[in-house]
Amino acid sequence: MDATTVTVTGAAGQIGYALLFRIAAGEMLGPDRPVNLRLLEIPDGVRAAEGTALELQDCAFPLLRSVEVTDDARTGFAGANIAMLVGARPRTAGMERGDLLAANAGIFGPQGAAIAASAASDVRALVVGNPANTNALIAASAAEGVPAERFSAMTRLDHERAVAQLAARLEVGVTDIEGVVIWGNHSATQFPDIASATVAGRPAIDALADRLGGTDGARAWLDDEFVPRVAKRGAEIISVRGASSAASAANAALRHVRDDVLGTDGRRTSAAVVSRGEYGVPEGLVCSFPVTSDGSGYRVVTGLELGERGRTRLDASVAELIDERDAVRALGIL
Ligand SMILES: NC(=O)C1=CN([C@@H]2O[C@H](COP(=O)(O)OP(=O)(O)OC[C@H]3O[C@@H](n4cnc5c(N)ncnc54)[C@H](O)[C@@H]3O)[C@@H](O)[C@H]2O)C=CC1
Ligand SMILES: O=C([O-])CC(=O)C(=O)O
């Protein structure tokens, strides 16, 4: 089988360190597909990335054909079939949201352009670096000639968090749960939705009602515990761990790409993709939806019932995405 070239930006960061060894071990693209890894960093991160490259070599992974480290985006994305955009400018004390968006536009714009200039013609790009949805929008807009649907942003970590919380509450295994949806932005406004989810084939809402004293009890748990817990889990991890999610983010990124490229076998998952107007979300926004993939890329699953409460929550998250897009536009970036 031909080797797949995978470029990881922010390779010297904590997610990069948790991700690269699993890709090289074949956990992302399967046990038969050799990989070339390209590690893209800023100059200050190159030395640490070179150290990671030495460790990758020391693992003697049978599937790992080559590792290259660079601080030049065009070189880093040259021939890339898969681009995982992890490196981003974090928010620091005193930084306004507009400053954060501008700083990241300065990263994701040029990286989108470099992908258009030098990546393989079948490239697919996942944006992990925050604010992930809007960074993906910026990268896709800058990647002239690359179809926008090749870009997605990660809400898979939110999806796995939702599955895990529901499984824990129902005391079932995570594999019993299907059909959870993350709608909207990868932020505290997201809407983790179990309305069409099932537990061992049975509606999740019924299973919750059985445990929690009826539908009112189930609704109260969803509104007061489940939704805020999932939506604010990133902040909870930072406060408990003293650093943001890394291994769980790497795990989600790996699953996002695996399912995009190898297919979901009909199962639904969640990913932020470029809206074509599905569920009333304005065209062009990068919004999290229920998706499936047959291996040729994520497609939005249409026709799910959102209900009035779901509609209100999705609208609020979409309003935030519109604000972010407009703030970036106001900076003259889009
Ligand atoms: N979408 C999601 O669910 C999640 C997103 N994140 C986001 O992922 C990003 C990375 O997180 P960590 O690895 O923990 O951060 P980190 O700070 O440990 O590493 C980031 C790395 O990116 C590098 N970098 C910065 N600008 C770059 C550029 N222009 N090109 C290449 N590399 C660049 C830095 O040198 C650093 O090594 C953050 O923005 C974080 O907020 C984190 C968890 C979940
Ligand atoms: O806030 C962060 O940097 C981490 C994050 O996105 C998450 O854990 O969901």
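The values are calculated or read from the model by the stated rules, or taken from the named source; none is laboratory data. Predicted model only: the values in this text are computed from it and were never measured. Because the Cβ atoms are built from the backbone with ideal geometry, glycine has one as well, and the counts that use them run over all protein chains shown.
Some observations on this one:
- For the range 206-225, a residue qualifies if it is under 16 Å from Ala168 (Cα atoms) and in contact with a helix residue (DSSP H, G or I) (Cβ under 6 Å, 6 or more places away or on another chain), and the qualifying residues are Ala207, Leu208, Ala209, Leu212, Ala218.
- Test for Gly98: is it at pLDDT 95 or above and either in the same structural domain as Ser275 (by TED's automatic domain parsing) or away from ligand 2 (no atom under 16 Å from the Cβ) (or both): no
- Taking each residue of the range 49-66 that is closer than 20 Å to Leu29 by Cβ and assigned by TED's automatic domain parsing to the domain that holds Ala24 and looking for partners that are modelled with pLDDT of 95 or more and polar (S, T, N, Q) with beta-carbon atoms closer than 6 Å, six or more apart or interchain, yields Arg65/Asn36; Ser66/Asn36.
- Within the range 227-245, tally of residues that are outside any helix (DSSP H, G or I) and more than 11 Å from ligand 1 (Cβ to nearest atom): 2
- Residues of the range 233-257 satisfying the condition of being over 16 Å from the mean Cα position of the chain (by Cα) and in contact (Cβ under 8 Å) with a residue 24 or more places away in the chain: Ala235, Ala243
- Residues satisfying the stated conditions in the range 20-44, i.e. of a type outside the set (Asp, Glu), over 17 Å from Arg124 (Cα atoms), within 16 Å of ligand 1 (Cβ to nearest atom) and within 23 Å of the chain's Cα centre (by Cα): Leu20, Phe21, Arg22, Ile42
- Lone qualifier among Val199, Val274 - being touching a residue at least 24 places away in the same chain (Cβ under 8 Å) and under 19 Å from Glu171 (Cβ atoms): Val199
- Within the range 259-276, tally of residues that are surrounded by 18 or more Cβ atoms within 10 Å (Cβ to Cβ), more than 11 Å from the chain's Cα centre (by Cα) and closer than 18 Å to Arg161 by Cα: 3
- Taken over the range 1-49, the criterion of being surrounded by 23 or more Cβ atoms within 10 Å (Cβ to Cβ), within 16 Å of ligand 2 (Cβ to nearest atom) and either in a helix (DSSP H, G or I) or of a type in the set (Val, Ile, Thr) (or both) is satisfied by Thr9, Ile15, Gly16, Leu19.
- Selection over the range 54-80 of residues that are surrounded by fewer than 17 Cβ atoms within 10 Å (Cβ to Cβ) and not hydroxyl-bearing (Ser, Thr, Tyr) gives a count of 13.
- Of the residues making up the range 303-319, those that are modelled with pLDDT of 95 or more and hydrophobic (A, V, I, L, M, F, W, C) are Leu304, Leu314, Ala316, Val318, Ala319.
- Residue check for Arg47: within 12 Å of ligand 1 (Cβ to nearest atom), touching a strand residue (DSSP E or B) at 6+ places or on another chain (Cβ under 8 Å) and of a type in the set (Lys, Arg): no
- Residues of the range 186-213 classified as farther than 20 Å from Glu308 by Cβ and surrounded by 21 or more Cβ atoms within 10 Å (Cβ to Cβ), total: 3
- All strands (runs of 3 or more DSSP E) inside the range 90-209 with 1 or more residues being more than 18 Å from Gly284 (Cα to Cα): 181-183, 191-193
- Of all residues in the range 123-143, those being away from ligand 1 (no atom under 12 Å from the Cβ) and either touching a residue at least 60 places away in the same chain (Cβ under 8 Å) or at positive phi (or both) number 5.
- Residues located in the range 301-332, provided they are free of Cβ contacts under 8 Å to residues at least 40 places away in the same chain, part of a loop (DSSP other than H, G, I, E, B) and closer than 17 Å to Ala195 by Cβ: Val301, Thr302, Gly303
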